[in-house]
Amino acid sequence: SKVGVIGVPIHMGQPRPGTEHGPEAMREGGLISKLEGLGLDVEDQGDLFLEKHDEDIHDHPAKNVKNVGSASSQIADSVYNTIKSGRTCLALGGDHSMAIGSIYGHSLAEPDHVVIWVDAHADINTPLTSSSGNMHGMPLSFLVKEVQPYLPDIPHFDNIKPCLSAKNIAYIGLRDVDPGERYIIEKLGIHSFSMTEVDKFGIKDCVEKALHAVDPEGNKPIHLSFDIDALDPSLAPSTGTPVPGGLSIREGNYIAEELAATGRLTCVDLAEVNPKLGNDRDNETTVRSAITIIQHCFGNRRQG
Ligand SMILES: CN[C@](CCCC[B-](O)(O)O)(CCN1CCCCC1)C(=O)O
Ligand SMILES: [Mn+2]
Ligand SMILES: [Mn+2]
Ligand SMILES: [Mn+2]
């Protein structure tokens, strides 16, 4: 099958420089040849050239809205075009604000797609519920229709429209959720399999329940937004917001294999790899984990 790889060198959604080097780190780790080794037709589109802007709004609760808004439009165009060309899209981050554009672009091509969000965090703060103002903690709030009444005006996001229903999202791996996010998740009934559920039910049941919850008929295109910090920090130390007690590589691989097995995985984000954090060994470990997850999203199976 055909894959289109897009580098998304964005870091403005969070304060720690380095996520803009995530795509190149994954390429240097051999990602493209490993995907080709799976027999895939891989088109590496290189990194998006994200326009740089001087921020013109300084009193907004969200930081860098102009740069993130501009990047989101560019990402959406690129993801849309990739999917419309008949390729599964692989978007390499870059911080998780990249998902605003990747999910919106996916929804333009496949309006009824569902989202599996694998992350230590819920990333659904609004600018008003966020205590940090960092937009990598907000992407889903920009996309979920039911949250819109709670959002303040957000300049520079005119091109991004809410495109998701709460019932079409499921979380796996949560273990650091802010109060405002918890309120939104409960109020909207967003399906959530935190590390508690992973421990309680095991990963097989969590994946099965998550998929059934968002797509009971098993016929919708799937968007996997995978934040590398979903994995245990021992597996992904080079990331900006690590939280102990994360997914094992076996659990991460299992999620990827099961989504791949549906044959409906249409867009994959791999977010929050920051090669500037930690030492070389930490970088290698993190990049290797990211590549392993991606390989299992695209057909590699532990059974052979
Ligand atoms: C949990 N929410 C955080 C982290 C967002 C992580 C984004 B991701 O893309 O990596 O998942 C953290 C907010 N906390 C900061 C420290 C004090 C308590 C709140 C936020 O800044 O909104
Ligand atoms: Mn920078
Ligand atoms: Mn996270
Ligand atoms: Mn995230």
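The values are calculated or read from the model by the stated rules, or taken from the named source; none is laboratory data. These figures come from a predicted structure and were not determined experimentally. Cβ atoms come from the backbone with ideal geometry, glycine included; neighbour counts cover every protein chain shown. Side chains included, ligands, DNA and RNA excluded: accessible areas come from the protein's heavy atoms. Shrake-Rupley method; radii C 1.70, N 1.55, O 1.52, S 1.80 Å.
Can you flag which of LYS2/LYS161; LYS84/LYS145; LYS2/LYS66; LYS187/LYS220; LYS145/LYS167 are past 22 Å Cα-Cα?
Beyond 22 Å: LYS2/LYS161; LYS84/LYS145; LYS2/LYS66; LYS187/LYS220.
Size of the chain from its Cα atoms: along the principal axes, largest to smallest, the extents are 53, 39, 38 Å. Calculated from the alpha-carbon coordinates, the stretch 52-149 shows an Rg and a Dmax of 13.7, 42 Å respectively.
Dividing the Cα radius of gyration of the stretch 1-109 by 2.2 N^0.38 Å, with N the residue count, gives 1.11.
Per-peptide packing, taken as the mean over residues of other Cβ atoms within 10 Å, places 37-47, 96-106 in the sequence 96-106, 37-47 from highest down. When only alpha carbons are used to place a centre, the stretch 152-181 and the stretch 271-291 end up 26 Å from one another. Across the stretch 192-209, computed HN-Hα scalar couplings (Karplus, 6.51 cos²θ - 1.76 cosθ + 1.60, θ = phi - 60°) run 9, 10, 6, 4, 4, 5, 4, 5, 6, 9, x, 5, 4, 5, 4, 5, 4, 5 Hz from first to last residue, x flagging Gly and Pro.
Calculate the translational D of the stretch 130-248 in whole µm² s⁻¹ from Stokes-Einstein, where the hydrodynamic radius comes from the Kirkwood formula applied to all Cα pairs, the temperature is 25 °C and the viscosity 0.890 mPa s.
Approximately 156 µm²/s, per Stokes-Einstein.
In this simple spin-label approximation, ASN219 and ARG301 carry label points 7 Å from Cα along the Cα→Cβ vector, and these lie 2.5 nm apart.
On the protein heavy atoms, probe 1.4 angstrom, tell me the percent of accessible surface of the stretch 168-236 carried by carbon and sulfur. If you can, show how the numbers build up before the last one.
Numbers: 1390 of 2790 Å².
The nonpolar share, carbon plus sulfur, comes to 50 percent.
In the context of the full set of protein chains, residues of the chain present 39 Å² of accessible surface per residue (probe radius 1.4 Å, heavy atoms only).
Using a cutoff of 8 angstrom between alpha carbon atoms and counting only pairs six or more residues apart, the relative contact order for the chain works out to 21 percent.
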